[in-house]
Structure formats: C-alpha cells, structure tokens
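The block underneath contains the structure these notes are about, expressed in structure tokens.
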Protein chains: 2
Amino acid sequence: MEPNSTAALARLAAVQNHLTIQPCFHRHAIHNDKPTGPADLARERANASFKVDDMTEVIFRGKENVDALNLAFQMIQRDPDLRMRAGHHHDLTRAEDREQTMRQIARVVELRKQIKDPRLAQALFTAMAYYSESFSMRIYVHEMLFRQAVTLFGSPEQQDQWLDDINNWRVIGCFAMTELGTSSNLRGLETTSTYDRATNEWVIHSPTLTSTKWWIGMSGETATHTVAICQTIVDGENHGINWFIVPLRDGKTGKLKPGVTAGDIGHKAGRQGLDNGWIQFTSVRIPRLNMMMKWASMSPEGEFTPSPNPVLSYATLIPERFTLLGGSQVILSQTLTIAVRYGAVRRQGNHDEQILDYQTHYTSLMPGVAFIYALNIVDHELMTKWNEVAGYAQTDAGAFMREIPDQHGVSAGFKGAMSWYATEVLENCRRACGGHAYSSYNAIAGLIGDYGVMTTGGGDNVVLMQQSARYLITTLKWAQEGQEVLGSVSYLNDYKKVLSTPKSTIQDARDLLQHEFVIDVLTWACAKKATELGAILAEAGKANFDQAWNTNQTELVRLADVHSWRYFLILYQQGINRHKHTPVYGMLRKMGQLLSTLVLQRHLDLFLEEGYFNGSHAKMVRQLFLDQCKDLRKDAIPLIDAWAIPDFILKAPIGKYDGNIYPAYFGTVTAAQQSFDAPAYWHKHAHPMLNGKKSCKC
Amino acid sequence: MEPNSTAALARLAAVQNHLTIQPCFHRHAIHNDKPTGPADLARERANASFKVDDMTEVIFRGKENVDALNLAFQMIQRDPDLRMRAGHHHDLTRAEDREQTMRQIARVVELRKQIKDPRLAQALFTAMAYYSESFSMRIYVHEMLFRQAVTLFGSPEQQDQWLDDINNWRVIGCFAMTELGTSSNLRGLETTSTYDRATNEWVIHSPTLTSTKWWIGMSGETATHTVAICQTIVDGENHGINWFIVPLRDGKTGKLKPGVTAGDIGHKAGRQGLDNGWIQFTSVRIPRLNMMMKWASMSPEGEFTPSPNPVLSYATLIPERFTLLGGSQVILSQTLTIAVRYGAVRRQGNHDEQILDYQTHYTSLMPGVAFIYALNIVDHELMTKWNEVAGYAQTDAGAFMREIPDQHGVSAGFKGAMSWYATEVLENCRRACGGHAYSSYNAIAGLIGDYGVMTTGGGDNVVLMQQSARYLITTLKWAQEGQEVLGSVSYLNDYKKVLSTPKSTIQDARDLLQHEFVIDVLTWACAKKATELGAILAEAGKANFDQAWNTNQTELVRLADVHSWRYFLILYQQGINRHKHTPVYGMLRKMGQLLSTLVLQRHLDLFLEEGYFNGSHAKMVRQLFLDQCKDLRKDAIPLIDAWAIPDFILKAPIGKYDGNIYPAYFGTVTAAQQSFDAPAYWHKHAHPMLNGKKSCKC
C-alpha cells in the first residue's frame, strides 16, 4: 500500500472510532434469553418518589372509582361479547371490526341495565374507551353529539319525547353537520329544510353533490336517526341554520327510509370499527316538531321565531371540543405507557444503557407524560365549569348566554393548541420505539391513526385558533374601551400595566419555578402580541380587515397558542390546588413546573426578539428544561404505571408491565403468521422467474 | 327578559360576529354541481411564470427521460400485470397486496428483457416506484441492498458468481442486518458465523431470541437468499462483523432450507405489499466462499485476514441512506401534488377564498414544494459523488477509504435532518386537506404510513445525527490541531476567522437573498456550536466523555441539523448552477432562497440567544419568509404540475389534475361500498337493542 493510503487508513481508523459506537460483543450477558427488562422495571418501581396508588386515586378521583375501573377491566377481559375473541385487533378486516364494535355496544347497553351502581356503569364505559377507540367514538356520537343536540336545542317536550329512547338505544342517533364541500364555515352549509305550510312539515333536501353530509359517524351502516343542521327556509326566506331530527333507517329492518340515501365512507386512516358515512336527502318530509325548538321555534300556527342568537346553534360544539380534548388522555396515556416502558427496558449504546437515559429520549417523552397529567386535571376543571353553564341552558338563559362566549373561546383555543401538541407527543412516542412502532402489533401506529382526525375534525385547528384569536382581539378592544372582560381573557383588563414592564425581571432559574412568575411572563407575551395585532387590524379598518387578518394570520394563530397554554397552566394550578392535601401534590406541582418551562422554551424566539428575555435568560430556560426532564425521568415508570392500563388493553408486547418484552413480541408475531409454507403466489409469480433460463435469447 | 340578559345578548351578538365566520348562504353559486375547480386550476396554470415542460425536463434530466417516463406510465396503465385490476388499493387485504406486488415484479423483470432502451428500463422502474412503494421497496431490497453488498464486499470472483443471477432475479436476495434486540449498534449484533476447520464451512447461528434477524424485507415470504451480518468467530476468537450469503428458501418449492426458520412480521403501519420478516439460523452451514471477501477473507488454507478497517463493513449503508433520501421525492411529491391542488380547488371562508390563499396554508405547503425540488437537485449531486467513490472500491482502495468518512458523515446527517423535515411536510399536507386526508381513498394517509419507517429505519435519526455531530467534533479537533479537513466540513479550517465576527453584518432583507450571505450566517452558527461543544467534550476528557456527550446531546443533534442544512443548501446551489442556461434557473434560485430563509427561521432562537441577530433581524427573517412563500404560492400549481404525476398514480380524487374533485371523490367512495342494505351484524346486534321493551324490569 502506498504511504498516502497508509495515512488515509490511519485517519479512517480515527474517524471511525468517532463515527461508530464502541464494540460490545459481550453484551450477550444482557441480551440473552434471561431478560434484563423485568429487573429494570422492578428497580425503577422500587425507586419511585411517590406511591403509585396514591397517584392513581388522584387521576380517577378516588379509590372507589379506581376499584370500579379495575372491576370493569376484569369484566371486559372475561366477557366474550366485549373482548377480542381470537386473533389480533390489527388483523381484523373492516367488516369484522365494525361487527365487533357493534357487538360491544349491544353488550354494554345490556350490561348497564343490570349494573345498579352508576359508578361502575361509568367505569365500564371508561374501560371500554381505553379498549377500543371505535367503540368509544360510536358511543360518543350517540350519547354525546346526538343526545346533547336534543338537550341543548330541544324544548322540554322534545326532550321528554326523545331522551328515554336515546338513553336506552331504542334509536341510534348521529350528528349530521359537515358537508362534502363545507366543513368549518357552518353558515355556508347547503342542506335545506323548507317549511311546507300545506302539511305543516319540514322538507329536508340536499340540493347539490357538495351538500352531501359527509364523515357522519354511524350514518354509514347503523344510525336510525340523525340531527341535521340545515338552512331554514320559510316562505322563501332563509332564517339561518337550525337543527332537525331526521329518521334515516327503519329500526326493524335497517333499510333506508324513503328519500334518504346513506352510504359508507369506507377505508380510513383509523377507527375502522366506526361506520363513518355520507347522507343525501331527497325531499324527505319530517313533522314540524322535529325541528329542535328550545331557541328557535315554529308554532302550530306556522309562525317562525328565530333563535335569539345564531351562535346558540353551535353551542353543542363547545362540549364536543372539551370532550375530544379530555378523550385525548385515553390515546396518549396508552402510547406513552408503551414508549416509556420500552425506553426503560430497551438497552442500546456504548454501555448498553437503558435508552430512556439518553437526553434526547427523556426530553422527548417526559413533557408528554406531564402533559397527560395536565390534560386530566384541566379536563376536570373544564367539565365542571361546562356542566354549570349547560345547567343554565335549562334554568337561566341570560346566564347561559353570558358564559357562552368565553366557553367558546376557550374550547376553540384549547382544542387547537392541545391537539397540535398531542400530535407531537404521539410522533415522539413512535420515534422513541424505533422500528418496533412500525409493527401494528405494538399498537402505536393504530393509536396514531385513530388520533389523526383530532387536528382537523371537530373544527379544523387553524380555524379554531383564529376563532380564539378573534375573541382575544375583540375583548382587548373592549378592555381598551374601559369595559371589564371576564374569564380566560380577564388579564386584558390590565394590559397597560402588564406592558409597562418591557423586560423580564427574572433573577435566576428559581423564578421560573414559580407559577405566578411564569404566568406573568406569558401574560406579557399575550398582551404584547394582542395589542400589536389589534392595532394593525384597527388601522386596517373594516374594509381591509380580512386582508389585514390574513397578512397576520400566522402571528394571530401564535397568539392564540400562547394564550391557550397560559390559561391551560392556570387551570392546571387551580386543579391541583384541590389535591394539595394528597401525598402526590409535590409531584403534580413538579409536572406543572416542567410544562411551564416547556411553554416558555417553545416561544423563546418571541421573548428574545422583543427583548423581554436576553440570551442568558434563554439559556437559563433551556437548561432548566433539561434539568426538569432529567429529574422527572427518575419517576417515569411510576408515573405511567399510575395510569393503571392493563396489558390486554394496551395490546402492545413492547409495553408489557413485566418488562419481559421480546418473548411476548415474538409470540404475538408468530401467532399472527398463518403458515410457514410458501405463499400461494410463489408458484404463480416467483417460481417462473427464479427458474428462468440462464441466457434466454427469446 | 331582564335588562341584564339584554346586555348579555347584545354582547353575545358582538362576540359571535367575531367568533364565527360571516354568513354566506348564496355560495350555492359556487358550491353547486357546476364546479369551480377546473376554472381555478386553468387560471393558475395560465398565470405560470415559467413553462411547466421546461421544469419537468430539469427534474428528469432531459426531454428523452420525460418521454420515456410518460411511455412507462402508459405501459403501467395498460398492463394488467402491472396495474390494479379491480377495486381500490386501500381495500386490498395484506395477502392480496403481497401477491399484486410480486406479480408486478415478475412482470417488470420479464419486460426488462424485452426493453432494449436502458433509459426506458430505468423509467419503468421510476414510474412503478411512484405507483407502489411496496414494489419499490422490494426491488430496492434485492437490487440495491443485496446487490450492493455483493459489489461492495464481494471479491471479483464472488461478483462473477452472483451478479448474473441477481440481475436476472434467478435468486431473490434480502439484507439481514437488524436484530430483534439490536438495531443501531451494529457491533453489538449477536448472530454468529463460526468457522469449522473440519469442513471448511461457516456455521451461521442465532444464539438467542434477541438475535433473531428482524424487519428483514422479503425474508417473510419470498427471499431465496440473504446477506447476513454476523460476528465472525475463528478458533474461538471474535474477528468482528462480516457479511455472509446464506440460502433461505429452495428456489423451486419456496420451502425453507434446513436450519432456517423465517416468518412474516405481519401487519405494519404501511408497505403491506412488502413481506418484512424475521430469520433464525440454527447451525446453518454455508461454504467458505459465501463470506464476502473483498476486504476480509478466509483462505482455502484456513487463514483469516481481517478487513483493513471495520467501517468498510458498513459502507453499504451510505448509498442506502442517499437512496432513501432521494426516494423521499416519490412520496412527498405525490402528497404535495394532492395537497396543493386541493388547496387551490377548495374554497372556504368569508369570501369563499381558495384555501391556498390563506397565509397559514401557503406557508405550510410552499416550503415543502421547494424542498422537493431541492431533494431532486441535491440527490443528483450526492449520487454523482457516491458513484465516483464507489468506483474507487474497485480501482483504488486508498482513495475509497479517504472519501468514506465524509460520505458517511454527510449521509448520516442528511438522512436524519431531511427525513425529519420531510415528516413535517407530510403532516402539513395531511392537515391542509382537512378531514378528506383521513379517507384512505385520498392516498395521503397511506403515503404517510409508507414513509413512517424513514425516521427510524435505515439508521435511527437520533443515532445518525449523533454520528454526524461526532464527525464534526472530531474534524474540528483536527482543524484546531492544524490539519486540513475536507468535504462537507472544510469550513472548519477557518473556524477562527468565522468566529471573529460575533454579530451579523446584515443590512437589509436583500442580504438574505444572497446564497453566500446565508451560508456565512450558518457557517458562523456551526462553528460557534461546534467549538463550544468541542470545548466541553475536551474538558470532560476520555473518562467522562460519554456522560458529557449525553448532557449535551440535544445541542449536538441541533448542531448536526444546522450543519446538514447548511451543506444541503450548498449542494443545491452547486446543483442548480448546472441549470443556469435553462429558462427555469430563476425559479430554482427562488426556491433555494426560500429554503435558506426557512433554515434561518427555524433557528432564530439560536441566533438571537447568541446575539448574532438582534430583534429586528429576526423580524426581517420572519417577514421575508412570509413574503417568499406568498410569492412562490403564485406558481404553486405549475410547480407541482411539473412533477408530471398522472392521476392514476396519485390515486387521490381530491388531487385530480382537472380540479373537478367532488364527483370523482364521491364516485370512488361509492364504488368501494359493497351494498346499501343493512350489514349482516345489524340483525345480530342492532335489531335486538333497538326493539327492546320500553320498560324492562328483568
């Protein structure tokens, strides 16, 4: 070899020592058939800084609920109508998945009649929601979307007429809002309901292809009824959108009603057990009383009274968004359980480290863990408030309407901001499991597929974030005019005072551990962005408002994001204050502190750009974030154990509780394998090619 | 109503005007059965600032290639062995998908024997790669991974022995590297190849469950041979990893060879047509000559000569990563074609705008469009260089080994950085299509599933980014010691000079349009980060190196990211310089400028934190980014049209060329619907529930 090459070789040797990871042939001691995973998990559990049971009780609000949930899991695991009977969930065909989901629903409806304890009934639903997202969505469509439409928009008489059948599934209801050509812009919907004075009926009609109701859950195969949002036409005049109950299928035969065409949407990115469908109405006649009449009404004499405010027609979207958000816990807690356990069991690298000990690994997972705790706590705060507001709908219309705008603003911003972040968490989990997340049998791919609809469904996130921003810009204007604004935007009352401190008063990293301090920083950011953007929009005036809005759309969305996270952190602190007496308060607080730093870090460029933070503040935030993640990583396993999700629910061998993952994973894969013989197509397509002549001149 | 409620009502009315989008009932004129999409696309096309055909010729490197590609698309569309015969791709079962993919391969192998024009043969492969990711991956495993292992690691005699059979698919080869318990850490692999002096054979063995070869493409059902990477044991001593050819299945019967157990991995997040599998070897004997002997060798007399450098065993991973990266174009150009066309056709909002005109919309899609152009150009630069280097493997071992480190560093960093960004682009596309991307029939969900493996497969991105960072830290050390470093890291030679300018010299936004100016900014960032991190690691010393590395892992990954993008932009400029004479050079340059701003914007916090940029510089970058996206949006349709992907390849009605999307989408969904009758399970599970007694006391 020439000298040149020798030099090159020496150099190469030096480089490769850095390029590649050190040799470690004797890892057989670790990666043999005596697995290290169980010992790793046992050690992590022994070192927990809190008692897992204490935390589980906080998550599920008391020991009685935890006991009920465990009993419900046992019921599912034993009941052949509830559990998978054979094979693996991800090997089901769409038709099998649909059937299984309906079988589960029928069984749960039956069981509920026997279960006297409402706590157990609730636990059974919760447990099933963990077991199957399609089950949970089908229940959600009927019991949440359809039922709430009746309770929020139906008169007392209409509620009497429908609720018993709804509660007992003697009807199956769906919720027909979105159309093929229109989703976010509800007022642009094309389906019409035209009053026929001759018969006192409404005539429901889909005038165009784009007016086809689209994506409607359970309309594909099973719903017997729908509430449909329609343009209300009386005497040729459009009175805006209202809700109508339209029968779709005969309850005995399942056959479509005359004038109704409904079909299945077919294959989707997830939720194959849910029959999303489409509906076209061709002059379908329904009785006058099938219009939901709490707000708008049509009298027997044919006098139409419009809703006092059209926004009331959308009120059902508020709890929908809160529920979607709360429901995120179900998917994300499973995904994180799998990823965190795998991270603690999997060993790789120079010293065969647990991969969860790598900085990039724990920083990608631990904020997600804290986020799920926060979702749990905040969800409770949101629903408590919403139930109070929804109560007003029956008792105090004025109070109801006073509360709706802030509820709407919060639900829009939270659904957008939190489901975007949730999507990041899911992707982090997927990547944290390496190739093994690509196997359907490790559940993560399916959970991501199921969740995918969240960022665009139930209101597209970009649209919702703009609604939140618009609410902020409007309430800021009121505050600037001297009116007091309330709820999530109350800080705007003091916008001047807030802005009078153009630089952070931060002294050292300990300041960033104070809830109030971080909220002040975020308050400044929101007030700053809101006043700047408000001024630009005001200057543009009415004529150029839309154009100015669009030119600043990116920043308006960002404003809504910071604002939503700020309020999310406030509600979290408010929520954990209710658990101050519990032994896990310290841990809950710690997770809130990490999330606070996460939010600051995500918007560092904003603080730096405006000179509110300087470079060393920014470094402080980044270092604190790393330290907090490292600290929380110590309790990673106890924190995910506390969610108490049984292995059969997880359906992911690499996320098994006992940490002995490889035999389980291999067993799952080989159980799914049909045969070790050559596939049928071998003889048709591979054999002729493999046995072709060596030098074919044909 | 009380006065209080009246005030609340007035307030509510004001708020809701801001919360919701303005009424627009008369949009019937737009959303009726006379679609606006075709006119919208026609107008966008008429306003193109360049000729689409000119651009297509640049992308495919000449008119002859474009013609060949179009002919190949026609061949596919007409040939019942190549195209889908009935139904929709996403309604295929796994078994059907596998069979179809193998049928396509057999047909292409047959067709190639007839096709005299190598250009057309290449075009047929390219066109099929667009049509089916599973097809492309199966071909890739055999013709790239398996074949390159023979050409890079096999002696001339071994190449003579195998290549003709490989080229004619008289064997089907796979590439057995990853094991169940070990992926990234190749040197920790457990499979052994032990030399038996008695018989002059190698004995291939999987000692443990975790040593099972895992994820191996085509090992599940079809491969007749594999190259397997094994620990090489001679006389009880481990000589490190080498490659061995092991027969897996009988070429006539498809039956597994004695001692080989191989099975299918089953359901995955994507690529169902590819039979990923697992392999266990139980004392499988292969001839001495089945060890690949270009670098290491075993003489007939039983004398083992190790490879001059173990890194050579991984050399095949370099072109693998380049190819994966280049292959990203196939998936991303389809996804972007669909999302951009839909964005131009879909109308929504106050004035029924084309949604692509919303700022958040075009800023989320246009950088992705520019990125695909850059991938195309850079891929060409990378492969040209790699082919030169791979040529040295046959002719000049010294030159080969001199070039390998930089090739390795570049391939690792590029694969990591670019596939992470590509994943973002895909998610942006998905969200840009709203709920319609959730339908499998609009292709995006499937394309995302197919692509998912990219960030963890072919080397986990986090590991690769660290390899890139380690290469940087090492070469910086050499530069600091006065050695000249070459290739992608040559800027480190001048690190002192670079760092002598601690603040940007930016005057106005026009500076940011200069390629050299942006590269200087990024050079500063890389030099700054690299020297800081290098100093920390040097101070830690050998004993604490790993710990210090992990404490700074996040920033090391970031360093690799900035470094990779910097070099990516350089290669893009180098590549488009070859097209300076073409009429589309201006557009290519413009896209490079946008990508430059994108990179700066993604790291604004870094520049601000270090005081290299001040707040107004940051605002300048953000504003420029918005302006550039808006400008490029004008050519959005021509830019994606230039990729020339036919509708039947896209398989997405909402991305149709003619813009008449709704009838096509509805038609696809209804064609997939099996029946409008009640499903079989209706009678079993829905009917009894719906017809339950009103007041059951049982």
Per residue of B:661-667, other chain Cβ atoms within 10 Å number on average 3
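Once you sort the root eigenvalues of the Cα gyration tensor of segment B:90-200 as a ≥ b ≥ c, which label holds: rounded (a/c under 1.5), prolate (a/b larger than b/c) or oblate (the other case)? Before the final figure, lay out the partial values.
Values: a/c = 2.36, a/b = 1.42, b/c = 1.66.
Oblate is the answer for segment B:90-200, as a/c is 1.5 or above yet b/c matches or exceeds a/b.
With all protein chains present and a 1.4 Å probe, how do B:Phe676, B:Phe322 order by accessible area, largest first?
B:Phe676, B:Phe322
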Among A:Asn660, A:Leu600, A:Ile649, the residue whose Cα sits farthest towards the positive end of the charge dipole of segment A:586-661, when +1 is placed on the Cβ of each Lys and Arg and -1 on the Cβ of each Asp and Glu, is A:Asn660
For the protein assembly as shown, rounded, prolate or oblate, judged on the Cα gyration tensor with a ≥ b ≥ c (square roots of eigenvalues), a/c < 1.5 rounded, else prolate if a/b > b/c?
prolate
Where the label is 7 Å out from Cα toward Cβ, how close does A:Tyr392 come to the same position in every other copy, in nm, shortest first?
7.5
Can you list which of the DSSP-assigned H helices in chain A have a Cα extent of 18 Å or more along the long axis and an average Kyte-Doolittle score of at least 0.5?
A:317-345, A:515-540
Counting other chain Cβ atoms within 10 Å of each Cβ in B:153-163 and taking the mean gives 0
For the pair B:Thr582/B:Ser616, report the inter-label distance in nm, with labels modelled 7 Å from Cα in the Cβ direction.
4.0 nm
Estimated dipole of segment B:19-174 in Debye, rounded to 20 [Cβ of Lys and Arg +1, of Asp and Glu -1, Cα centre]
380 debye
Cross-link reach from B:Lys693 to aspartates and glutamates, straight Cα distance under 18 Å and at least 8 residues apart if same chain, gives A:Glu110, A:Asp160, A:Asp164, A:Asp165, A:Asp250
With every protein chain left in place, what is the accessible area of A:Ser206 in Å² (1.4 Å probe, nearest 10)?
20 Å²
Dipole of segment A:259-345 [Lys/Arg +1, Asp/Glu -1 at C-beta], most positive-end residue of A:Gly302, A:Val345, A:Gln280
A:Val345
If you put +1 on each Lys and Arg Cβ and -1 on each Asp and Glu Cβ, how big is the dipole of the protein assembly as shown around its Cα centre, in Debye rounded to 20?
1360 debye
Of A:Lys268/A:Lys656; A:Lys51/A:Lys529; A:Lys496/B:Lys528; A:Lys656/B:Lys213; B:Lys113/B:Lys415, which ones are farther than 31 Å apart at the Cα?
A:Lys51/A:Lys529; A:Lys496/B:Lys528; B:Lys113/B:Lys415
Quick shape check on chain A: root eigenvalues a ≥ b ≥ c of the Cα gyration tensor, a/c under 1.5 is rounded, otherwise prolate if a/b tops b/c, else oblate, and it reads oblate
If each of B:Gln74 and A:Ser49 carries a label point 7 Å out from its Cα toward its Cβ, how far apart are those two points in nm?
7.0 nm
Share, in percent, of DSSP beta bridges within the protein assembly as shown that are antiparallel, nearest 5:
85 percent
Which of the lysines could a cross-linker span from B:Lys255 if the Cα-Cα distance has to be under 17 Å and same-chain partners fewer than 8 positions apart are dropped?
A:Lys684
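Which whole number gives the average count of other chain Cβ atoms within 10 Å of the Cβ atoms across peptide B:398-408?
5
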I want to check the label-to-label distance for B:Asp396 and A:Ser500. Put each point 7 Å from Cα in the C-beta direction and report it in nm to one decimal.
7.4 nm
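The values are calculated or read from the model by the stated rules, or taken from the named source; none is laboratory data. On a predicted model such as this, the values are computed, not experimentally measured, just so you know. Cβ atoms come from the backbone with ideal geometry, glycine included; neighbour counts cover every protein chain shown. The protein model used for the area step is the full one, side chains on, heavy atoms only, and it has no ligands, DNA or RNA in it. Shrake-Rupley method; radii C 1.70, N 1.55, O 1.52, S 1.80 Å.
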